[in-house]
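Structure record follows, encoded as structure tokens.
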Amino acid sequence: MSNILIIGNSPASVSAVEYIRQHNKEAAITLMSPQQCMPYNRALLPSLIAKDIKESAVYVANDKFFKDNQVNFIHQEAITRLSTKRHQISTESKTHVLYDQLLLTDVSTVRLPAIKGHHRKGVFDVLRLPSVKEIIKFIPFMDTAVIPVTSFIGFNTACALSRL
């Protein structure tokens, strides 16, 4: 029996689980979320900011999905180390997850431009759900927003904020 580890929290992660289950009912599947949340659709984040949808609408899977597909879903721990030589992932609590096959579906690391003050409170990215949740909390206190648009999601976010 193979041990498959999927790292990601996008619709691609959920599609990978579905595909594997269609072709292999026996494999042990573990899904690790690098953002420590349920898999979600990034394209819906601007709609969440605009309050057009509820947070639950951005999620593409739930606990029932993982139970039905016999997936060990790990989302409470951050990944600290990946060893392709030892075929294991280590987490911040020193847990080791072994794998035979590794699938990286979404390992989004957002790097803000190296502009003075980019690390300060009130500077956000709009590509990760945890950041969008922070933006939503911060909106009532905002007077001005500067949004460098480099993607369609950025443009939709600018439109969503302008409506608020």
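The values are calculated or read from the model by the stated rules, or taken from the named source; none is laboratory data. Being a predicted model, the structure only gives us computed values, none of them experimental. Cβ coordinates were reconstructed from backbone atoms using ideal geometry, including for glycine residues, and neighbour counts include every protein chain displayed. Please note that ligands, DNA and RNA were not included when accessible areas were found on the heavy atoms of the full protein model with its side chains. Shrake-Rupley method; radii C 1.70, N 1.55, O 1.52, S 1.80 Å.
At a Förster distance of 30 Å, what's the computed FRET efficiency of residue 163 paired with residue 62, Cβ-Cβ distance as r, to 0.05? Efficiency at R0 = 30 Å is approximately 0.55. Shown here: the chain, whose C-alpha atoms stretch 56, 32, 25 Å along the first, second and third principal axes, sorted largest to smallest. Using the Cα centre of the chain as the reference point, and only Cβ charges (+1 on K/R, -1 on D/E), how large is the resulting charge dipole? Debye, rounded to the nearest 20. Around 380 debye, computed over the chain.
Our estimate of slack between residue 123 and residue 24, defined as 0.36 nm per intervening residue step minus the Cα-Cα distance, is 31.2 nm.
Taking 30 Å as R0, compute the FRET efficiency from the Cβ-Cβ separation of residue 134 and residue 87 and round it to 0.05. With R0 = 30 Å, the Cβ-Cβ based efficiency is 0.30.
For the chain, the solvent-accessible area works out to 63 Å² per residue, with a probe of 1.4 Å and every protein chain left in place.
The angle separating the long axis of helix 11-23 from the principal Cα axis of greatest extent in the chain is about 20 degrees. Rolling a 1.4 Å probe across all protein chains gives residue 63 an accessible area of roughly 110 Å². Here is the list for the range 1-50: trypsin sites (Lys or Arg not before Pro) lying in DSSP coil, each with at most 10 other C-beta atoms within 10 angstrom of its C-beta, are 25.
The count of lysine pairs in the chain that are at least 8 places apart or cross chains, and whose C-alpha atoms lie under 15 Å apart, stands at 7.
Segment residue 54..residue 3, full-extension length gain: 14.8 nm, with 0.36 nm per residue of separation and the alpha-carbon distance subtracted. Rolling a 1.4 angstrom probe over the chain with all protein chains present gives an accessible area of which 53% lies on carbon and sulfur atoms.
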